[in-house]
Amino acid sequence: MNDVKERIAAQLAAVRGRSLTYTDAEDDLLLRQHSALMSPLVWDLAHVGNYEELWVLREAGGITPLRPEIDDIYDAFKHPRKDRPSLPILGPGEARRYISGVRGRVLDVLDAIDLEDPDPLRRGGFVFGLVIQHEHQHDETMLATLQLSRQPGLVRDGELPPGRAAGPAEVFVPAGPFTMGTDTLPWAYDNERPAHRVELPAYWIDRFPVGNAAYAAFIEDGGYDDPRWWSAEGRRWRQESRAFAPLFWTREGGAWWRTRFGRMEPVPMDEPVQHVCWYEADAYARWAGKRLPTEAEWEKACGWDPEAERARRYPWGDDDPGPGRANLGHRAARPAPLGAYPAGASAYGVEQMIGEVWEWTDSCFLPHPGFRSFPYREYSEVFFGGDYRVLRGGSWAADPAVVRTTFRNWDYPIRRQIFSGFRCARSASPEQA
Ligand code: AVJ
Ligand code: FE
């Protein structure tokens, strides 16, 4: 096998190891639905195998279906998450056997495939990138499910670099054009394409994600009850949810506590806030006299190199993320403190844009101009419109394979079981611009 194929094989092995770790638990825990928002863990496990069967074996490899009778059960569009427990899903043992049977044949297809094949699914091994990224995204979803399960001891934790109190709180981004999206990143999804010029007026963006200390100040200032800060829909969400703080926070003995993977701990005030929905992020920004960045503002501050006049793959350049640049890949089960990654700063000096938390932006999920659906409409196209808001960056639970300056995530504005936070921005005044 050549280098590209070896790299793909290593990434396939790594992501499967990850999925098996998250499902190394009692059958009951895997079959149970911990929240109506989530699938039973064993559904995710067999779904990633079924996706691999559909895309690598059937579409790219031309192999006869192994288990066509289960396609329906694992079709995310046929059955919303809340209905998945009532499906005749494979049990944990059967699911593990099925996905490992699929995987064996996937490696045969990898061995045989011509990476120069003009077919866009096979070319450069795109289809393997598709399934590797898909499985990592489901692994992150499984972590969110495990967090909701409140079971202690299932999720690995680890060490992270210390934070640092550093310099100015905001960074100035001068007016001017930049290139948004990509034509060249090999595993980029259809929704990141094509590359196109965007002209932005000057703005300020927070150097760090909003931290727990600042967010607690918003709560303690009565922010949740003050209608001035909330949109009409946000006020409705507040009334219905009766939210008073980020998900998993409680107030005890005059201090903030949170449950993290089944354990109670004081809220670390120097970490980025996570488990907030779009409405909370939007309200905080108004309270702070700012607003959420648009997706274009976020991407320019993250990836544009104004001197070289080109977009970078990561904030710091094109080199792979290492442990000194970003908190990715579930190194620890939490975001790192603010200021922990000076070496991960963008060309403009904005920090921790990748890793830590998915960052809500002001933008709805819409196609880039010139968008073409590939390889299927249900990956991105069916979600375009006003219902979803875009999140950028990638959380501590996102794998480097699913992280780049152009990557777009999206969710409903009410969602907060995901590892979501935000940073703020504001338009520059005419004198500043
Ligand atoms: C891009 C994270 C919104 O989890 O719904 C998984 C990714 N697409 N299976 C999701 C996805 C198909 C998707 N998000
Ligand atoms: Fe999926």
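Below is a table of values for the structure above.
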| read-out | value |
| --- | --- |
| Contact order relative to length of region 130-280, as percent, for alpha carbon pairs under 8 angstrom and 6 or more apart | 26 percent |
| Per-residue ³J(HN,Hα) for region 40-56, Karplus 6.51 cos²θ - 1.76 cosθ + 1.60, θ = phi - 60°, Hz, x for Gly and Pro | x, 4, 6, 5, 4, 4, 6, 4, 5, x, 5, 5, 5, 4, 4, 8, 7 |
| Kirkwood hydrodynamic radius of the chain, Cα pairs, Å | 22.5 Å |
| Environment charge at residue 171 (Cβ cut-off 15 Å; Lys +1, Arg +1, Asp -1, Glu -1) | -2 |
| Prolate/oblate/rounded call for region 92-206, Cα gyration tensor, a/c under 1.5 rounded | oblate |
| Distant-in-sequence amide H partners of residue 170 (H built 1.01 Å from N, under 5 Å) | 207 |
| Per-residue ³J(HN,Hα) for region 133-141, Karplus 6.51 cos²θ - 1.76 cosθ + 1.60, θ = phi - 60°, Hz, x for Gly and Pro | 5, 4, 5, 4, 5, 5, 4, 5, 4 |
| Relative contact order, percent, region 3-149 [alpha-carbon distance under 8 Å, six or more residues apart] | 35 percent |
| Residue-averaged 222 nm ellipticity for the chain, from DSSP H runs of 4+ at -39500 (n - 2.57), nearest 500 | -9000 deg cm²/dmol |
| Vicinal HN-Hα couplings computed from phi for region 207-212 (Karplus, 6.51 cos²θ - 1.76 cosθ + 1.60; Hz; Gly/Pro x) | 5, 10, x, 5, x, 4 |
| Sequence-distant residues sharing a close amide H with residue 399 (under 5 Å, placed H) | 329 |
| Amide H contacts under 5 Å for residue 410, placed H, 5+ residues apart | 391 |
| Length-normalised contact order for region 306-433 - Cα pairs under 8 Å, 6+ apart - percent | 28 percent |
| Region 23-83: GluC sites (Glu not before Pro) falling in loop per DSSP and having at most 11 other Cβ within 10 Å | 26 |
| Qualifying trypsin sites (Lys or Arg not before Pro) in region 367-398, DSSP loop, other Cβ atoms within 10 Å at most 15 | 372, 377 |
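All of the numbers you see were taken from the coordinates with simple rules; none came from a lab. On a predicted model such as this, the values are computed, not experimentally measured, just so you know. Neighbour counts are summed over all protein chains in view; Cβ atoms, including those assigned to glycine, are modelled from backbone coordinates with ideal geometry.
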